[in-house]
Amino acid sequence: MLFLAPSPTPTPDIEISTPTIDDCKNDWLCQKVLDVTHNRGLALSSYVAIVKPLRILAIILVALLVRWLLHRMIKRLTATSSQASMPAMLKPLRERVKDTPDGQFVPERRRQRAEAIGSVLRSLVTAVVFSMAALLVIGELGFNLGPLLASAGIIGVAVGFGAQSLVKDLIAGLFMLLEDQYGVGDSVDLGDATGVVETVGLRVTTVRDARGVLWYVRNGEIVRVGNKSQGWAMVVIDLPIGFVSSEQAGAVLRTAALDLAQDPQHATEFLEPPEVVGVEQLTVDGAVVRTIAKTTADGQAAVQRELRRRLVDALEESGLAQQIAASRLAPRAAVPQPYAAPESDTRPGGAT
């Protein structure tokens, strides 16, 4: 019996696939990669391995370029806003309403305001540009942006309802900067808080009052603003003169006020010569004469104190102060007179 050795199983021939032109006939990039590398796998995955990274890189580069161009435009715009020849839209509100005297608005204040607005605009541009670039990159990675945008919209609505006061504060702060309602160092009256502004932000403004208390005021809660440091100020002094001659007292007060306006130490603080307008009111103690002076906002307090002192000294030196004091004093008895009943009450038969 013959045992025949089993014949070996025939081994199939191993085919080594080679890239053909038909594999990449519809893709120019695939054909180029195939011609260079002769690797069909790399050629077929060229879209994912080459095109996707290049498109993502292009999106990032374009975003950086757009951001740089917008920042450059904002810097140029804010740089020209501190000059005299600036667009009317960028001028402070009070300058757009009416013409103002030369030198009333300091260029340094304009520069600080322009820098603050420019900083806000640059931050906003950066956030918007990079947010759009991030969405485009996510789309290139194959994620469906529809559900993502829908979720972001729902979250944005929820945050908007929950942060209404925050949005209100930010919008009010932005318009406050655009209109230049007040700045650091201004003396303001915000209703509940009155004092000097120390910091100005998009959400909160801090004011330190005369007693040193630092107030944090939300911009959205500011209904009115009284700025005592912008433009010019008016000094008003009402001085009682008793029953002396108003013409004589007015002449003395006018001379003292004009002398102060010509004093080199205070001459630059007067915008117009001071004026004695005359008798403002009459009281039981006599007449009250009003003196007014138009001054710079920074020099108002100093001029008011000095003008008040000089007016009092002028009345004292002219001798009117003694007459004023004498006109207010009426002779009085040291002991009150006893009460005497009327004669009609002592007669008999009077009404009871």
**OP:** With the condition kept exactly as written, say whether any residue in segment 140-148 is among the aliphatic types (A, V, I, L, M), part of a helix (DSSP H, G or I) and more than 25 Å from the chain's Cα centre (by Cα).
**Re:** yes
Subject >> Scan of segment 218-231 for residues that are open to solvent by 60 Å² or more (accessible area, probe 1.4 Å) and at pLDDT 85 or above, ordered by number >> reply: R218, E221, V223, R224
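To keep it simple, each residue is scored yes or no on (1) in contact (Cβ under 8 Å) with a residue 12 or more places away in the chain; (2) open to solvent by 50 Å² or more (accessible area, probe 1.4 Å); (3) not in a strand (DSSP E or B).
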| residue | (1), (2), (3) |
| --- | --- |
| I237 | yes, no, no |
| P240 | yes, yes, no |
| V244 | yes, no, yes |
| Q248 | yes, yes, yes |
| A251 | no, no, yes |
| A256 | yes, no, yes |
| D263 | no, no, yes |
| I292 | yes, no, no |
Subject >> Residue that is nearest to L178 (Cα to Cα), among those in segment 189-217 that are surrounded by 15 or more Cβ atoms within 10 Å (Cβ to Cβ) and among the polar types (S, T, N, Q) >> reply: T205
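Could you tell me whether segment 120-134 includes any residue that is modelled with pLDDT under 80 and assigned to a helix (DSSP H, G or I)?
Going residue by residue through segment 120-134, those that are modelled with pLDDT under 80 are 120.
Checking which are assigned to a helix (DSSP H, G or I) leaves us with 120.
Within segment 120-134 (the criterion being modelled with pLDDT under 80 and assigned to a helix (DSSP H, G or I)), the answer is yes, since at least one residue qualifies.
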**OP:** Among the residues of segment 272-286, write down those that are crowded, with 17+ Cβ neighbours inside 10 Å and either out of contact with any helix residue (DSSP H, G or I) (no Cβ under 8 Å at 6 or more places or on another chain) or of a type in the set (A, V, I, L, M) (or both).
**Re:** V276
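The values are calculated or read from the model by the stated rules, or taken from the named source; none is laboratory data. Treat the numbers as computed from the prediction; the structure is a model and nothing was measured. No Cβ is skipped: glycine too gets one built from the backbone with ideal geometry, and neighbour counts run over all protein chains shown. Keep in mind that these areas ignore ligands, DNA and RNA; they rest on the heavy atoms of the full protein, side chains included. Shrake-Rupley method; radii C 1.70, N 1.55, O 1.52, S 1.80 Å.
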